[in-house]
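Q: Structure provided below as structure tokens; questions to follow.
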Amino acid sequence: MKRFVYAVLALFAVLAVSCTKESKTVTYLEVNRNNISGDWVLSGWNGQPLAEGTYFRMTLVRNDGTFVINQNLDSFVDVPREITGSWSLDIDPEKGALISGKYDHDTGFWSHRYIITELTATDMLWTAEDDPAFTQLFSRAE
């Protein structure tokens, strides 16, 4: 009887070890025009979520390097703005992939160039080249 109990205990021990949770590995993508193109929403700003009722949606078009932003961050919540322009992606051997942009209208260039890191199929992190504390987390729009 003791052998049977020991065998059952050994079986449970093997099952317990084999059923441990596997850690999720994150697959990072190469930062290139193809992988960052598409519709994105700003889901975090400097490590914090956006204020309730605000949004920022951006479409990056790969072929012609244009963007369209629909947002209400700098306007009344119920009066969104559409902003258009062009963007470029440069690869710096030391810093990595840098995105910059220029607005179509009188506002000129983006206030920062951003280093794109942690690009996955669903998210990417932008960090201002000149201010590493200024970050923006984008998630793929559904």
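None of the figures in this text is laboratory data; all of them are computed from the coordinates on show. This structure is a prediction, so every number in the text was calculated from the model and none was measured. Glycine also receives a Cβ, built like all others from the backbone with ideal geometry; neighbour counts cover every protein chain displayed.
Q: Given H placed 1.01 Å from N in the peptide plane, which residues other than close sequence neighbours of Gly85 have an amide H under 5 Å from its amide H?
A: Phe67, Asp104
Q: If you don't mind, there's one more thing I want to ask. How far apart, in nanometres, would the label points at Ser111 and Lys24 be if each is projected 7 angstrom from Cα along the Cα-to-Cβ direction?
A: Result: 3.2 nm between the two label points.
Q: Next up: What is the set of long-range amide H partners of Gly96 at a cut-off below 5 Å, with H atoms built 1.01 Å from backbone N?
A: Correct list: empty.
Q: Give me, ordered by chain and number, the residues 5 or more places off Arg62 or on other chains with an amide H under 5 Å from its own placed amide H.
A: Those qualifying (amide H under 5 Å, at least 5 residues apart or on another chain) are Gly38.
Q: Here's something else I'd like to know. Label points 7 Å out from Cα along the Cβ direction at Ser43 and Thr59: separation in nm?
A: 2.1
Q: Moving on to the next point. Provide the gained length on full extension for the span Leu125 to Glu142, in nm with one decimal, where the gain is 0.36 nm per separating residue minus the Cα-Cα distance.
A: 4.3 nm
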